[in-house]
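S.K.: I am attaching a structure below and will ask some questions about it afterwards.
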Amino acid sequence: MSEQPQTGPDTPQGTPPGGPPGAARGGPPGGSPRGRRRLSAAQWPTVLGLTVVWVLLWGTFSVADVVTGILVGLVVCVVFPLPPIETQVRLRPVGLLRFTVRFVIDMTVSTWRLNRYILGPRPPLCAVLAVRMRTPSDLMLTATSVAVAAVPGSNVLDVHRASGTLFVHVVGAGGEAEWERARYEVLRLEDRVVRAFGTRADIAALDAWERHGPANGSGGSPGFDGPGPGAGPGGTDDTGGRSGPWKRS
């Protein structure tokens, strides 16, 4: 005869033999953890943005369109959940104020300089410069590239993530003096971005570079180390195998 499951005073009433539902399948009570993770992956700012896009695509604003947009946003976020993003931003009031004031000044000066080039008798000379950043954070690299691209007369053509190098197209850079000035302005903008939004590790890396130079001891200016314009698929790398002061996976 098969042994009957034993129940005692500590067994909750209504609990089936073998434990609560889901225990026999090796999962915790309440259903599949994968299902819970996928449901919790519905990031509400993303859902809100998708809802706005949905309403704009339909061209009409109605309750039905809004509800449908929310449902579509939820389905997209659950079926294609975004990976968790680690918070790497620290708002620093003094650095943020300094960044804002100097950025407005840079925008004004660059606009005046670009208008002078356009109205000048000869077309300005342009150059593509490789400027290696000094902080290991991908987020700071992205923020700096956005800030550089927002300044009139400069645009980021490519980003080499392995060495943290920005390839910047600069208007009015026809000689060594202009090249050095453009590199200096990019690095100065990076300094303001890091001290306004960076973590302590980002600021420490920036200070360490300013005190001791590149961490790998390769020497040289941050503006000259890094891959050449041909680096990438089918291109060449003029760094001699170096990947810069920090290696990013």
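No lab work stands behind these numbers, since they all come straight from the coordinates. This one's a predicted model, so the numbers in the text were calculated from it and none came from an experiment. FYI the Cβ positions are ideal-geometry reconstructions off the backbone, even for glycines, and counts take in every protein chain you see.
S.K.: Once you have the Cα-Cα distance between ALA201 and TRP58, take 0.36 nm times their residue separation minus that, and quote the gain in nm to one decimal. Write out the running numbers ahead of the final one.
M.R.: Values: separation 143, 0.36 × 143 = 51.48 nm, distance 4.60 nm.
The span from ALA201 to TRP58 would gain 46.9 nm if fully extended.
S.K.: Highest mean first, how do 51-57, 139-145 rank when packing is the count of other Cβ atoms within 10 Å averaged over residues? Intermediate results must be reported in sequence, preceding the final value.
M.R.: Values: 51-57: 14.3, 139-145: 21.0.
Descending packing order for the listed peptides: 139-145, 51-57.
S.K.: Roughly speaking, what is the centre-to-centre gap between the stretch 86-126 and the stretch 130-195 when only Cα atoms are used, to the nearest Å?
M.R.: Taking the Cα centre of each part, the stretch 86-126 and the stretch 130-195 sit 12 Å apart.
S.K.: Then there's this: Work out, step by step, the length gained on full extension between ASP138 and GLU180: first 0.36 nm times the residue separation, then minus their alpha carbon distance; give nm to one decimal.
M.R.: Stretched fully, the ASP138-GLU180 segment lengthens by 12.7 nm.
S.K.: For the stretch 139-178, what's the relative contact order in percent, using C-alpha pairs closer than 8 Å and at least 6 residues apart? Can you show the working numbers first?
M.R.: Working: 35 pairs, mean separation 11.5, N = 40.
Once normalised by length, the contact order is 29 percent.
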